[in-house]
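A quick write-up on the structure given underneath.
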Amino acid sequence: MKIVIQETMFDTLLKGVAKSVAADDYRRELKFIKIVVKKDSLAAYSCSGYTAARVIYDLESNEAEFTCYIKPIPFKASKSGANSVTIELTEGVASVEVPTEYGTLRYSFDQPKEWTVDIEKVFADAKQHDREVGVNAVYVARALKMLASTSLDRNKLAIIESKDSKTGAFCIRASRKGFACDQLILPIRIIEEG
């Protein structure tokens, strides 16, 4: 089973989920990106245990339906964006073929034995208490970067005041027709008084 997509779509998928891939060996299955291919959509998910990310593209029509796991790979789309990337699952091995100026590179990944996170439920639970507020992502990024650089708290605590729930995850979404990128951040459970 395989799908062939434009390199710009693959580049966006990787950028959208790579920062939420687990970095430690305690939950090795979370060091992967989950790719879910359906007849009408292509989704990529990652979850580190502290953050989660999801990128979904609508597809016009697709023959194959499958789920596979890949790791973040170094990739940059060409200036023209005209090349294609192939994602394939064959006999328990996922492979990604990416174009380079020197030819095609093929990455292969043995599939993890288990993915213990019901990632769709995580996002559904987070969305049930979110209030939608449109903001400029650049301004939010600047503000959060500033808070992270000036916070004296070891957890880099920032308080989001527009939530209905203090213990629910916080979800930020970028979207347009046929595309959505969700970034989910779990709240800090222990707030240090100081």
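The values are calculated or read from the model by the stated rules, or taken from the named source; none is laboratory data. What you see is a predicted model; the values in this text were computed from it and never measured. All Cβ positions, even for glycine, are placed from backbone atoms using ideal geometry, and neighbour counts span all protein chains on display.
Couple of notes before you dig in:
The rows are residues; the columns are (1) modelled with pLDDT under 95; (2) of a type in the set (A, V, I, L, M).
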| site | (1), (2) |
| --- | --- |
| T8 | yes, no |
| K19 | yes, no |
| I35 | no, yes |
| D40 | yes, no |
| S46 | yes, no |
| F75 | yes, no |
| A82 | yes, yes |
| E91 | yes, no |
| S95 | no, no |
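- Sub-6 Å Cβ pairs linking a first residue in the range 42-58 that is free of Cβ contacts under 8 Å to residues at least 40 places away in the same chain to a second residue that is part of a strand (DSSP E or B) and among the hydrophobic types (A, V, I, L, M, F, W, C), at least 6 apart or interchain, are A43/V36; A43/I56; A44/I33; A44/I35; A44/V55; S46/I33; S46/A53, ordered by first then second residue.
- Criterion violated by K127 - all others in (1) charged (D, E, K, R); (2) surrounded by 12 or more Cβ atoms within 10 Å (Cβ to Cβ); (3) within 15 Å of the chain's Cα centre (by Cα); (4) over 20 Å from F10 (Cα atoms) satisfied: (3)
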